[in-house]
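Asker: Questions regarding the structure given below will be posed in turn.
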Amino acid sequence: MILSVENLWMYYGQVQALHDVSVYADEGEIVAVIGLNGAGKTTLLKTIMGQEKPASGKISFKGTSILGKSTNDIVKEGIALVPEGRQVFATLSVYDNLMAGAYIRNDNKEIQQDIEKYCKRFPILGERLNQRAGYMSGGEQQMLALARALMSRPKIMLLDEPSLGLAPVIIKEVYEIIEEIRKEGTTIFLVEQNAKRALSVSDRAYILVNGEITMSEKSETLLNNDAVRRAYLGV
Amino acid sequence: MKKAALKDFFSKKSTRIFLLAILFAGLTVAPFVTNTLTKRIISTIFIYSLLSMGNMVIGGFTGMLNLGHAAFWGVGAYITAILMTGYNVPFSAAFLAAGIGTALVGLVVSIPCLRLSTDFLSLITIAFSYIFLAVVRNWMSVTKGPQGIPGISCINFFGVDFSSANAVYFVLFAVAVVSFIVISNITKSKFGLAMQAVRDDELGARSAGIKPAQVKILSFVIGTFFAGLAGALYAAYIGYIGPNTFTFDTSTTIFQMCILGGLGSIPGAVVGTVFFVVMPETIRTLAVYRVGVGGVIMLLLMLFRPQGIMGSRAFATKDGIQERIKNKLIARKVANVQKHV
């Protein structure tokens with residue numbers, strides 16, 4: 001178990017956001033959390049990243065607790081977040097965005113090698129290395145956000161709605177890359193509204209409803225589950 | 001084609017070094033061949049460029065709208081004046097004390113700024129500049145109130161007096177050059193990248209392992225440190241300081257220098273400074289209209305080159321008016337062609 005969240009309770013003031021949530025990810029897995037708007041998906045990721053404080057619960061990474069650590073330290077441990085809506089540094093060049101992604105690293109030589117590697121992996125980034133990130137399309141920015149997160153050499157990547165606001169063709173491309181990233185040994189933990197996509201690439205999935213995990217199954221099983229199909233897949 | 005070649009010429013490193021060398025040589029010879037007024041104007045540019053470069057770090061790189069920079073300048077000037085006239089502290093020590101003391105004040109002011117977005121943060125800095133003036137005007141026993149502090153002895157480093165006009169000129173020149181190099185290197189470093197990342201997107205920066213709060217405070221401390229140094233130099237250069245120099249108006253002028261030069265560019269800060277120091281001198285005959293002329297120029301700038309002269313377009317969301325017209329014309333042509341097909 002590389003990441004484990006146990007009995008997490010979290011409130012925004014009086015409003016309950018997470019209700020006894022327990023999830024985990026094994027090394028090399030793709031785990032998805034499916035939920036509608038406001039179900040608490042982003043809150044879950046923010047809490048894991050140390051950006052929100054839970055009322056109670058445990059969060060551990062590779063067996064040691066990361067609860068209460070700063071985001072900066074959590075990134076150093078090997079967890080990277082690709083935030084919702086991509087959040088690339090719009091006025092900086094693609095190259096500087098990647099450099100910022102490697103902020104916690106000090107091995108300049110290897111950073112340059114990694115940049116070359118990801119320019120090959122994401123050809124669009126190689127072509128636009130000196131271009132301003134804000135001028136790229138949504139899909140290109142999503143690629144950049146993924147590459148930027150990879151620059152910190154994470155053991156596990158948390159993806160917040162990687163399909164948000166993208167055209168179907170681009171979504172397909174993004175998910176292909178997610179699978180490739182997993183093949184190279186990075187565990188993927190993603191939260192999505194786009195249930196069909198997320199279920200078809202992931203190994204296991206959780207269904208999050210109003211801050212509560214209501215189902216936890218193999219993704220295949222969920223894809224064939226009638227209730228899930230009706231509620232999330234629109235069939 | 002010609003335009004591209006010109007652009008190529010200016011972006012070449014050798015060209016830039018050549019131009020810098022000419023500028024450097026010109027500034028070195030200047031005090032020997034020009035009159036007192038020109039010397040004074042260039043000296044003023046040196047002092048103001050410390051201010052605009054500092055404010056560029058805070059506003060242009062980290063994206064914090066600081067409208068109280070003149071007050072930080074004043075803190076440095078008053079620290080120097082009080083130490084030198086009241087306690088006979090040598091200038092070298094007062095100079096350092098001004099830098100560090102102002103940076104500490106900057107640290108204190110920056111802490112409430114962490115909780116606020118740009119617009120509200122600017123209100124805090126405006127409030128600070130008025131608090132500063134109120135304190136200086138009313139704390140008679142220390143600051144001598146509105147009449148100011150006269151009789152500050154001239155710049156003197158480690159016992160060497162720089163009292164002649166030329167000597168002062170070279171001291172200011174040296175400090176400005178060293179500060180330029182230091183600040184440029186900071187902005188080009190990893191920390192500079194972190195500042196810009198925080199400016200562009202705090203959430204994204206946090207996800208990359210950058211600590212936005214730390215970056216903001218540190219950039220504020222750096223910017224105000226140089227304002228403190230500028231204050232020390234100003235106090236010893238003029239020999240007298242009073243509260244009316246360090247007003248909110250001066251802060252806006254400093255910010256205008258940054259905007260004109262181009263937010264996100266340290267050379268831009270210097271270019272903006274040159275303009276706003278030289279402009280009022282050259283149209284002195286139109287003294288009454290000075291503010292108006294500055295305003296009109298700012299308006300034209302926003303229309304034609306919103307990113308500033310040297311700016312990286314960091315803060316401009318739209319193209320200049322000429323580009324927008326060009327784009328519209330192209331769009332119209334395309335529409336016409338499509339109609340005929």
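Asker: Could you state the number of Å between the C-alpha centres of the range B:221-264 and the range A:161-213?
Answerer: The two parts, judged by their Cα centres, are 52 Å apart.
Asker: Starting from the Cα-Cα distance between B:LEU329 and B:THR36, subtract it from 0.36 nm times their residue separation and give me the gain in nm to one decimal.
Answerer: Residue separation times 0.36 nm, minus the Cα-Cα distance, leaves 100.3 nm.
Asker: Where a ≥ b ≥ c are the square roots of the eigenvalues of the C-alpha gyration tensor, would you call the range A:80-194 rounded, which needs a/c under 1.5, or, failing that, prolate if a/b is larger than b/c, or oblate? Each step should come with its number before you reach the end.
Answerer: Working: a/c = 1.61, a/b = 1.19, b/c = 1.35.
It is oblate, given that a/c is not under 1.5 and a/b is not larger than b/c.
Asker: Could you give the nm distance between label points at A:THR64 and A:LEU233, where each point is 7 Å from its Cα heading toward the beta carbon?
Answerer: 4.2
Asker: Further question on the same structure: Which order do the peptides B:213-225, B:151-163 come out in when sorted by mean C-beta neighbours inside 10 angstrom, highest first? Walk me through the intermediate numbers first.
Answerer: Numbers: B:213-225: 22.9, B:151-163: 14.2.
Put in order of decreasing packing, that is B:213-225, B:151-163.
Asker: Hey, what did the range B:39-340 get for relative contact order, percent, Cα under 8 Å, at least 6 apart? Could you put the intermediate results ahead of the total?
Answerer: Numbers: 487 pairs, mean separation 93.4, N = 302.
For the range B:39-340, the relative contact order is 31 percent.
Asker: Using alpha-carbon pairs under 8 Å, 6+ residues apart, how would you state the relative contact order of chain A in percent?
Answerer: 28
Asker: Just tell me how shielded B:190-202 is by partners: mean number of partner chain Cβ atoms within 10 Å of each residue's Cβ, no decimals.
Answerer: 5
Asker: In the range A:155-175, whose amide N lies under 20 Å from the spot 7 Å out along Cα-to-Cβ of A:LYS196? List them in ranges.
Answerer: Within reach of a label on A:LYS196, which here means backbone N under 20 Å from a point 7 Å along Cα→Cβ, the range A:155-175 contributes A:161-175.
Asker: What is the Å³ per residue value for the convex hull set by the Cα atoms of chain A?
Answerer: Dividing the Cα hull volume of chain A by its residues yields 119 Å³.
Asker: So how many Å³ per residue does the convex hull of the Cα atoms of chain B work out to?
Answerer: Spelled out: Cα convex hull of chain B, divided by residues, is 181 Å³.
Asker: Taking the Cα centre of chain A as origin, work out the dipole magnitude from +1 charges on Lys and Arg Cβ and -1 charges on Asp and Glu Cβ, in debye rounded to 20.
Answerer: That gives a dipole near 280 debye.
Asker: Residue farthest toward the positive end of the dipole of the range B:163-249, with Cβ of Lys/Arg at +1 and Asp/Glu at -1: which of B:GLY209, B:SER163, B:ALA197?
Answerer: So the residue furthest toward the plus end is B:GLY209.
Asker: Within the set of other residues whose C-beta is less than 11 Å from the C-beta of A:MET10, count the net charge using Lys and Arg as +1 and Asp and Glu as -1.
Answerer: My count for the surroundings of A:MET10 gives 0.
Asker: If you build a Gaussian network model of chain B, linking Cα atoms that sit under 10 Å apart, which residue out of B:LEU229, B:LEU114, B:LEU19 swings the most?
Answerer: Looking only at B:LEU229, B:LEU114, B:LEU19, the biggest GNM fluctuation is shown by B:LEU19.
Asker: Once R0 is set to 41 Å, what does the formula 1/(1 + (r/R0)^6) return for the Cβ-Cβ distance between B:ILE309 and A:LYS172, expressed as a FRET efficiency to the nearest 0.05?
Answerer: Details: r = 45 Å, r/R0 = 1.09.
Step by step, r from the Cβ atoms, then E = 0.35.
Asker: Considering only protein heavy atoms, what is the solvent-accessible area of B:TRP73 at a probe of 1.4 Å, reported in Å² to the nearest 10?
Answerer: Taking all protein chains as shown, B:TRP73 has close to 0 Å².
Asker: Another question, then. By how many nm would the segment from B:LYS188 to B:GLN214 grow when fully extended, if each residue of separation counts as 0.36 nm and the alpha-carbon distance is taken off?
Answerer: Full extension of this stretch gives 7.6 nm more.
Asker: HN-Hα J couplings of the range A:78-93 from phi, Karplus 6.51/-1.76/1.60, θ = phi - 60°, integer Hz, Gly and Pro as x?
Answerer: Working through the residues one at a time gives x, 10, 10, 10, 9, x, 4, x, 6, 6, 6, 7, 4, 8, 8, 6 Hz.
Asker: Let me have the 222 nm mean residue ellipticity of chain B computed from DSSP H runs of 4+ only, each contributing -39500 (n - 2.57), with the sum over all residues rounded to the nearest 500.
Answerer: Dividing the helical sum by the residues of chain B leaves -24500 deg cm²/dmol.
Asker: Something else: Sorted from largest down, give the three principal axis spans of the alpha carbons of the protein assembly as shown, whole angstrom values.
Answerer: 88, 68, 43
Asker: How big is the antiparallel share of DSSP beta bridges in the protein assembly as shown, given as a percent to the nearest 5? List each step's numbers first, then the result.
Answerer: On the way: 24 of 43 bridges.
Among the beta bridges of the protein assembly as shown, antiparallel pairing accounts for roughly 55 percent.
Asker: Can you pull the three principal axis extents for the Cα set of the range A:127-235, in Å, largest first?
Answerer: Cα spread of the range A:127-235 along its principal axes, largest to smallest: 49, 28, 24 Å.
Asker: Cβ neighbours within 10 Å, averaged per peptide: list B:334-340, A:184-190, A:94-100 in order, most packed at the top.
Answerer: Listed from highest to lowest mean packing, they are A:94-100, A:184-190, B:334-340.
Asker: Positive end of the dipole of chain B, charges at C-beta (+1 Lys, Arg; -1 Asp, Glu), about the Cα centre: which of B:GLN256, B:GLY74, B:PHE304 has its Cα farthest in that direction?
Answerer: B:PHE304
Asker: Need one value for A:87-95: mean number of C-beta atoms belonging to other chains within 10 Å of its residues' C-beta atoms.
Answerer: The per-residue average across the peptide is 6.
Asker: Give me the number: length gained by fully extending B:ILE283 to B:SER164, i.e. 0.36 nm times residue separation minus the C-alpha to C-alpha distance, one decimal in nm.
Answerer: 40.0 nm
The values are calculated or read from the model by the stated rules, or taken from the named source; none is laboratory data. These numbers were taken from a predicted model, which means no experiment stands behind them. Neighbour counts are summed over all protein chains in view; Cβ atoms, including those assigned to glycine, are modelled from backbone coordinates with ideal geometry. Ligands, DNA and RNA are excluded from the accessible area calculation, which covers all protein heavy atoms including side chains. Shrake-Rupley method; radii C 1.70, N 1.55, O 1.52, S 1.80 Å.
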